[in-house]
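Have a look at the structure below, then the notes.
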Amino acid sequence: MLTNRNYVLFDDIILNPSLEEYFTICCESVLQQNILVSRTREGAGYPSYQCFKIKGKEIFINDILKYYLFRLENEGFCYTKIKIFADAFYKLCGWGFHMHHPFQLWIKKFIQNPYFFQQQNSFWLLKPGEPKQPITEDYFLFACYIAISHIKHESSQGKHIANQIFSMITRLGSDLPNELQKHGSGSLPEEIMYYQDSLVSCKANDVLAEITIIFKEEKEEAFCKALLFLCQLLKYGFPSSYTFTFKSRKLKFLPISNLPKKDANHFFAKAVQWPSLHEQIEKYARLAMKESAFYNDRENEGSAMPGTFAVFALGLEDEKHHKLVCDYLKICDAENQTVQAYFLWTYIQKYRLTHKAIELYDLCTNNMSLLPRKLLTLRREIKERKTFYKSVFKYKPDDL
């Protein structure tokens, strides 16, 4: 029995089959891209949720994806059709629980539960005996599509989920995961994934979420070409979290104590020495900065959002990059990374407690539950500086 709520769920079709008409119309609208994501009306005990509105009905967006998967299974599962629909759905709704959850249910129903079992928190093991029903190539293709989606849109946890899916598919007899990990998904043009000339070699793999840059000659032109490659790659939808590998002859790192001495640090410490590249470095940083995304080769206190070392390099180079640093601090995941505190201390040592430094301090205070002790010792001086700046330069409270 339907409640007095305003919105409609996929399960409601079972109780009221006439509702299926609205789901069918909505699916066609998603494919034609002539519908927008809206919000349900709020009711007693029912807050507002993302939905599609069709002829007066409000349908949860994730239930539309559930319905399409259900309908396709009854009609005859076809990878081409579900890929087209999932791509169209993503364009309208983006990635989130509304895609993650239906995909997770599909993997459990058609891949995990029929063929695998888990014993005492071990890895998923193949059920003994021959499978009751062989899996078609379309199922393997869509399972890989789901795995790649996790890699593309989530952090290291997404890669972990993807590897589990790839492992299951491989054990079911498919070589598809191996091919994808060797050559990439094929969804990005080859000229975007690979570049080589007499100065530099750049290659990327979106399934492994890896970028590798090798210099033959460390010249300004080589760094310019590498930065152009990185920006083009991120524009085309490369995974938000990735491993960055940079190989060159002499090591150089940003002058920030405790900052992980990883390849991205090395690359931008060298690239920033050419002022003509600063605009391109900022362009990369803004393309790379994504909340809850990380360079995959860092863990725990060494975690860093993509773009971190580019931002730090420019921020220490010149205060004119202040807005970029502020934008970075506003979105970085302070629950999972602390490297911004190391940058801030070095920044204050270089520029002293200017009003810009105080603004960066406040941003760190707002998004970090605990600042390092040496930064906390500055609280009293910062409070005095704020009072001074407000009285002398007439700053409003919002300016500091």
| message | Which condition from (1) open to solvent by less than 30 Å² (accessible area, probe 1.4 Å); (2) more than 15 Å from Leu233 (Cβ to Cβ) is the one that Ala288 breaks? | response | (2)
| strands (runs of 3 or more DSSP E) (entirely within the stretch 151-226) containing at least 2 residues that are open to solvent by 70 Å² or more (accessible area, probe 1.4 Å) | 194-196
| message | For the stretch 42-55, check the following and say yes or no: at least one residue is crowded, with 18+ Cβ neighbours inside 10 Å, among the small types (Gly, Ala, Ser) and either in contact with a strand residue (DSSP E or B) (Cβ under 8 Å, 6 or more places away or on another chain) or touching a residue at least 40 places away in the same chain (Cβ under 8 Å) (or both). | response | no
| message | What's the number of the only condition in (1) over 24 Å from Pro17 (Cα atoms); (2) touching a residue at least 24 places away in the same chain (Cβ under 8 Å) that Gln120 fails to meet? | response | (2)
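Here's the yes/no breakdown for (1) modelled with pLDDT of 90 or more; (2) basic (Lys, Arg); (3) open to solvent by less than 10 Å² (accessible area, probe 1.4 Å):
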{"residue": "Tyr342", "(1), (2), (3)": "yes, no, no"}
{"residue": "His355", "(1), (2), (3)": "no, no, no"}
{"residue": "Asn366", "(1), (2), (3)": "no, no, no"}
{"residue": "Ser369", "(1), (2), (3)": "no, no, no"}
{"residue": "Lys374", "(1), (2), (3)": "no, yes, no"}
{"residue": "Ile382", "(1), (2), (3)": "no, no, yes"}
{"residue": "Lys386", "(1), (2), (3)": "no, yes, no"}
{"residue": "Tyr389", "(1), (2), (3)": "no, no, no"}
| field | Residue count, the stretch 325-368 (criterion: over 23 Å from the mean Cα position of the chain (by Cα), basic (Lys, Arg) and assigned to a helix (DSSP H, G or I)) | value | 2
| Taking Pro114, is it in contact with a Pro (Cβ under 8 Å, 6 or more places away or on another chain) and part of a helix (DSSP H, G or I)? | yes
| field | Single match in Ser18, Ser38, Ser48 (criterion: closer than 28 Å to Tyr145 by Cβ and among the hydroxyl-bearing types (Ser, Thr, Tyr)) | value | Ser38
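Can you pull out the helices (runs of 4 or more DSSP H) entirely within the stretch 1-103 that have at least 2 residues that are touching a helix residue (DSSP H, G or I) at 6+ places or on another chain (Cβ under 8 Å) and of a type in the set (A, V, I, L, M)? Give the steps one after another, and end with the answer.
Values: elements: 12-15, 20-32, 61-75, 79-93.
Qualifying helices (runs of 4 or more DSSP H): 20-32, 61-75, 79-93.
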| remark: Note on the stretch 230-270: residues open to solvent by 70 Å² or more (accessible area, probe 1.4 Å), part of a loop (DSSP other than H, G, I, E, B) and more than 17 Å from Tyr295 (Cβ to Cβ) are Tyr236, Arg249, Lys250, Leu251, Lys252, Pro255, Ser257
| note | Of the candidates Phe23, Phe89, Phe85, the one satisfying the condition of being within 23 Å of Leu105 (Cα to Cα), at pLDDT 95 or above, more than 29 Å from the chain's Cα centre (by Cα) and open to solvent by less than 80 Å² (accessible area, probe 1.4 Å) is Phe23
| Any idea which residue in the stretch 310-336 is modelled with the lowest pLDDT, counting only those that are buried (at least 21 other Cβ atoms within 10 Å of the Cβ) and farther than 24 Å from Lys386 by Cα? | Cys332
| task | Could you please let me know if Pro134 is out of contact with any Phe, Trp or Tyr (no Cβ under 6 Å at 6 or more places or on another chain) and under 30 Å from Ala271 (Cβ atoms)? | result | no
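The values are calculated or read from the model by the stated rules, or taken from the named source; none is laboratory data. The structure presented is a predicted model; accordingly, all values stated were derived computationally and were not measured. Cβ: placed from backbone, ideal geometry, glycine included. Neighbour counts: every protein chain shown. Ligands, DNA and RNA are excluded from the accessible area calculation, which covers all protein heavy atoms including side chains. Shrake-Rupley method; radii C 1.70, N 1.55, O 1.52, S 1.80 Å.
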